[in-house]
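The structure under discussion appears below in the form of structure tokens.
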Amino acid sequence: MAITDDWDGLHPAARERSPAVNASAQDAVFRMTFRKRAFDVVFSLLLLIPLSVVMLTVAGLLLLSQGRPILYVAPRMKSAEDSFHLLKFRTMHRVDEDSGATGAHKSWRITAVGRILRRTRIDELPQLFNILRGDMSFVGPRPPLREYVERFPGAYGQVLRTRPGVTGLATLIYHAQEDRIMASCDTAEATEAAYYRRCIPTKLRLDMIYQRRRTMLLDLWIIWNTSMTVIIPGWKPKRLLDRASTRQADG
């Protein structure tokens, strides 16, 4: 799949940096269909039954191996203006100041347990509570930092009309490639430059494709293939990749 890692091809309105965002677009983040919201709540509760044992075990292991805090609580944006606290298991050593994307310059901070949690995505299990609170859905764009929304309000004002998700089309298709790009950045400056120039525009395009085509069937497809990428290393959902590539070219 050919993905262009720059701003070329994004609609001019999506690249707009002015702070003006349609108010109806800001409200649309809450306009979930009853079926999608009901699925989020029921599926979260069903998963919490078996996964609560996993989360308690991980919490105890983190407490013994790296101490408190067990959770990483990060402010993220759920609309162009509104933020919420994203929950994850803490996978990195703490520092006084931290910001921006995670590149190779931060790799020394990732703990041994944290590497396993990240690779298996167990670190994101606490986001089940974000879903129950209504801040997130299972499928949608990954919630961005405020600094990214403020820098590209036109683009994120459009993308965040869809409630942020634990996984999504951009996560499924681009996650491995983004990790490779970030792994090659050995300074904070290089990380930010690569993330702004290469990762953000690609993920925004894929998020916009999802926004135009989203259905419950597509959500289930994304959830299934995301699960398979965790269970089976190297799993490639080719049919979805081909369709997304075609839609990107058409858009």
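Would you confirm whether or not the range 118-126 contains a residue that is crowded, with 21+ Cβ neighbours inside 10 Å and at pLDDT 95 or above?
yes
Go through the range 191-251 and tell me which helices (runs of 4 or more DSSP H), entirely inside it, have 2 or more residues that are in contact with a Ser or Thr (Cβ under 8 Å, 6 or more places away or on another chain), hydroxyl-bearing (Ser, Thr, Tyr) and modelled with pLDDT of 80 or more.
200-213
Taking the conditions exactly as written (assigned to a loop (DSSP other than H, G, I, E, B), crowded, with 23+ Cβ neighbours inside 10 Å and not polar (S, T, N, Q)), does residue 163 satisfy them or not?
yes
Pairs only if they're at least six apart or on different chains, beta carbon under 9 angstrom, first in the range 180-203 and within 22 Å of residue 154 (Cβ to Cβ), second among the hydroxyl-bearing types (Ser, Thr, Tyr) and assigned to a helix (DSSP H, G or I); list them, first residue then second.
That search, which allows pairs on different chains as well, returns 195/148; 196/148; 199/174; 200/148; 202/174; 203/171; 203/174.
Looking only at the range 51-79, filter to residues that are among the small types (Gly, Ala, Ser) and touching a Phe, Trp or Tyr at 6+ places or on another chain (Cβ under 9 Å); which one of those is nearest to residue 161 (Cα to Cα)?
Here the answer is 79.
Are any of the residues in the range 137-151 crowded, with 16+ Cβ neighbours inside 10 Å, touching a helix residue (DSSP H, G or I) at 6+ places or on another chain (Cβ under 8 Å), farther than 18 Å from residue 82 by Cα and without any contact (Cβ under 8 Å) to a residue 40 or more places away in the chain?
no
Can you name every residue in the range 124-145 that is assigned to a helix (DSSP H, G or I) and under 15 Å from residue 226 (Cα atoms)?
The one that is assigned to a helix (DSSP H, G or I) and under 15 Å from residue 226 (Cα atoms): 124.
Quick check on this structure: which one of 60, 114 is closer than 25 Å to residue 189 by Cβ, at pLDDT 90 or above and part of a helix (DSSP H, G or I)?
Answer to the check: 114.
Among the residues of the range 76-103, which ones are of a type outside the set (S, T, N, Q), over 22 Å from residue 198 (Cβ atoms) and in a loop (DSSP other than H, G, I, E, B)?
78, 80, 81, 82, 90, 93, 94, 95, 96, 97
Across the range 160-209, what is the number of residues that are under 16 Å from residue 140 (Cβ atoms) and not acidic (Asp, Glu)?
Residues flagged as under 16 Å from residue 140 (Cβ atoms) and not acidic (Asp, Glu) within the range 160-209 amount to 22.
Within the range 31-74, work out how many residues are of a type in the set (S, T, N, Q) and surrounded by 13 or more Cβ atoms within 10 Å (Cβ to Cβ).
So the answer is 2.
The values are calculated or read from the model by the stated rules, or taken from the named source; none is laboratory data. Bear in mind that the values here come from a model prediction, so they are computed numbers and not experimental data. Heads up, the Cβs are rebuilt from the backbone with ideal geometry, glycines too, and the neighbour counts pull from every protein chain shown.
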